[in-house]
Amino acid sequence: MAMTMFEKIWESHEVRENLIYIDLHLVHEVTSPQAFEGLRMSGRALRRPDKTVATADHNVPTDGTPAANLIADALSRKQVELLEANAREFGVPVFSLGSDSQGIVHVIGPELGLTQPGMTIVCGDSHTSTHGAFGALAFGIGTSEVEHVMATQTLVQKRPKTMRIDYQGTLAPGVTSKDLILATIGRLGTAGMNGHAVEYAGEAIRALTMEQRMTICNMTIEGGGKAGMIAPDDTTFEYMRGRPGVPEDFDVKVEEWRQLVTDEGASFDDEVEIDASALSPMVTWGTTPGMVVQVTDSVPDPAVMESPVEREAAERALAYMGLSPGTPMTEIRPERVFIGSCTNSRISDLREAASAIQGRSVHPEVRAMVVPGSAKVKSQAEEEGLDEIFQSAGFEWRGAGCSMCLGMNPDILMEGERCASTSNRNFEGRQGKGGRTHLMSPTMATAAAIEGHFVDIREWE
Amino acid sequence: MEPIDVIEGDVTFLDRSDVDTDQIIPKQFLKRVERTGFGEFLFYDWIKDGEIELSPNPILVAGPNFGSGSSREHAVWALQQFGFDCVIAPSFSDIFYSNCTKNGFLPIVLPEEECRQVAGAGEARIELDNQTVACDGGKFLFQIDGEIKRRLLGGLDDIALTLAELDSIERFEDGPGGTRGPVTTAVD
């Protein structure tokens, strides 16, 4: 019978119905302490340290602090030090602050070749869906489930439904994979993919690089999806080749991985079609990623919204964001710009941002920072001279971490500050209490930093 | 976790949609390394700014897509430690729903109209075994996965149940299933 990629991976991981085996467990400092403590309290071992890896990312300062014991914030220091101690105690490899391989957990997995097609991958972090870009089944879990995976290397899971989103045509110049996923969430809503493993397919997806594909799968959770997936192909295999964690018999495995793709005629619970060639650069205006418009549009008017729930939410969002209906998006002026996060902090994101600068400088009323996703991305960028380009234009060049995506470290917005951000969530207070976040692509954020207002990158000289 | 049977009492209504876990428990409180001490920080910014007032009743009713965003289980711990025993909403995010069931905190999906009736009634009686929510406006049936229900009713420990099947896990690992993925301890 014709099967979807999801079904092939799911069924090959069933220990029994609703109990699936986990091939890789990624661990970070914020959602793991209670799970490690649970193991200790019940006298249980961590069953497969060789299928587990830890890194410090959420809490770490990006100011060059070289080691956990030097973190200024006492609570963050304690959490990162505890991660290191727990990893030692339970035999888990850990890339903590100061390690050459440290970085955002969803950046280092693919970077080290740990993320491979056909695997099940979990992490106590909702953006675990990122890894699905390699044709893996990857999803975020809570701390109780983290402990369950640590103790058993399995998860009790009900099989999700399946959805395929088919993108016809290819993206126009200036339109990126960030715009594609923002437009998708805008169309389907923040709960539009709830309960589904989503396969992104079609000509537009096949044309993307791996890092662009990761941006799409990363934001699946913002549409409520359980997991986002993309069929592995030559682009996938070439990206993986030579990375430290890949199998020794790589070419043999490649032939197996090719079999993972959805069979012709396989059926999905839901199918959506989107014309990728008609998409424009997107910018969010509100406090969910679904509150998004084309950069050429204006801030929407809640008064014309039909559903009372939607209207009320939009009114509250505009009050929080300090915006008036009808204001053209290109007239909105950010005081801050953040290029980083597990959505857009990989080397190609930084290359795109740097190449958009063209000798110009950050607007005098804007403070802009670039935060590489990992220590390796940082050193690669420095080898290519990108740090010079950013710094001479007036961008701050920081160390690796989650940084201002979630404000658990010193990189935060002040009350009322407006930020053009390449991250994934524009929730109230996400980047700092009272902070106002507008999500967009790295090139759009770069242009906003230089012009001091949002710009349509397609028209930008 | 504590078994759930009947939940009865007053209702608190949070009439908002897309309430994300960043609002339920803001990030500055995620630096705790214990499972306790989160109740007083529930909806910290909204309550501090006087946007909402919440009474710690047994039943919370909320709008659609409750618990979206971050996977932080701290959100469930905070709701529970504040005093709620269950939450009723038209829909939940997947991870939040799952996190609830791992903590003996009952998530109930009811259509929006029925949620409003429960909120309007001000008090209700929930029977997990019968899958009913009864209030002045009527008696509503809700759906819940049979296995999740069994575990909630019994207050069963997921990990202990799975470890009782260790033989099957070991058999799986001895087969082709055990060979997938990298050896993390060999990567540097």
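The values are calculated or read from the model by the stated rules, or taken from the named source; none is laboratory data. Nothing here was measured: the structure is a model prediction, and the numbers come from that model. Here the Cβ is made from the backbone with ideal geometry for all residues, glycine too, and neighbour counts use every protein chain on show. Note: areas computed on protein heavy atoms with side chains; ligands, DNA, RNA excluded. Shrake-Rupley method; radii C 1.70, N 1.55, O 1.52, S 1.80 Å.
Observations on the structure shown:
- With a Förster radius of 41 Å applied to the beta-carbon distance between B:Arg150 and A:Arg258, the computed FRET efficiency rounds to 0.50.
- Near A:Thr327, the amide H atoms lying under 5 Å from its own belong to A:Val299; only residues 5 or more places off or on other chains count, and H is placed 1.01 Å from N.
- The modelled label-to-label distance between A:Glu331 and A:Thr209, using points 7 Å beyond Cα along the C-beta direction, is 3.7 nm.
- Per-residue extension of 0.36 nm, minus the Cα-Cα distance of A:Leu75 and A:Ala278, leaves a gain of 68.3 nm for this segment.
- For B:Ser70, residues with placed amide H under 5 Å, excluding near neighbours: B:Thr21, B:Asp22
- Measuring nothing but how far apart in sequence close Cα pairs (under 8 Å, 6+ apart) lie, relative to its length, chain B scores a relative contact order of 24 percent.
- Cα lying deepest toward the dipole's positive end in chain A, options A:Ala356, A:Ala204, A:Met150, charges on Cβ: A:Met150
- Summarising the strand pairing of chain A, around 20 percent of its internal DSSP beta bridges are antiparallel.
- Per-residue ellipticity at 222 nm from helix content only, as computed over the protein assembly as shown with -39500 (n - 2.57) for each DSSP H run of at least four residues, stands at -9000 deg cm²/dmol.
- For region A:1-78, GluC sites (Glu not before Pro) meeting the loop criterion (DSSP other than H, G, I, E, B) and having at most 15 other Cβ atoms within 10 Å: A:Glu17.
- Karplus 3J(HN,Hα) series, Hz, for region B:77-91 with 6.51 cos²θ - 1.76 cosθ + 1.60 (x for Gly, Pro): 4, 5, 4, 5, 6, 5, x, 6, 10, 7, 9, 10, 7, x, 7
- Inter-chain shielding of A:89-97 (mean C-beta neighbours from other protein chains, 10 Å cut-off): 1
- Tensor-based shape of the protein assembly as shown (alpha-carbon gyration tensor, a/c under 1.5 rounded, otherwise prolate or oblate): rounded
- Karplus-derived 3J(HN,Hα), 6.51/-1.76/1.60, for each residue of region B:101-113, Hz, glycine and proline x: 5, 7, 10, x, 10, 7, x, 10, 9, 10, x, 3, 4
- The largest accessible area among A:Ile121, B:Ile47 belongs to the first residue in B:Ile47, A:Ile121, and the rest follow in falling order (1.4 Å probe, all chains).
- Residue-span extension gain [B:Asp129 to B:Asp188] - 0.36 nm each, minus C-alpha spacing: 16.1 nm
- Residue mean of other protein chain beta carbons inside 10 Å, B:29-39: 5
- Three-way shape call for region A:218-361 based on the alpha-carbon gyration tensor, with the a/c threshold at 1.5: oblate
- Of the GluC sites (Glu not before Pro) in region A:260-302, the ones in a loop by DSSP (not H, G, I, E or B) with at most 16 other beta carbons within 10 Å are A:Glu264.
- Violating pairs (Cα-Cα greater than 32 angstrom) within the set A:Lys226/B:Lys31; A:Lys376/B:Lys31; A:Lys433/B:Lys139; A:Lys8/A:Lys378: A:Lys433/B:Lys139; A:Lys8/A:Lys378
- Between A:Ser42 and B:Ala160, the simple spin-label model (points 7 angstrom out along Cα→Cβ) gives 0.9 nm.
- Given R0 = 22 Å, the distance between the Cβ atoms of A:Glu17 and A:Ser267 translates into a calculated FRET efficiency of 0.60.
- Taking chain A and dividing mean pair separation by its residue count, relative contact order in percent (alpha carbons under 8 Å, at least six apart): 17 percent
- If both residues of a DSSP beta bridge must be in chain B, then about 50% of such bridges are antiparallel.
- Selection of GluC sites (Glu not before Pro), region A:360-419, meeting DSSP coil and at most 16 other Cβ within 10 Å: A:Glu365, A:Glu384, A:Glu415
- Number of partner chain Cβ atoms within 10 Å, mean per residue of A:446-459: 0
- Cα centroid separation, region B:118-188 to region B:67-87 (Å): 16 Å
- Each label point was placed 7 Å from the Cα along the Cα-to-Cβ direction; for B:Gln28 and B:Thr179 their separation is 5.4 nm.
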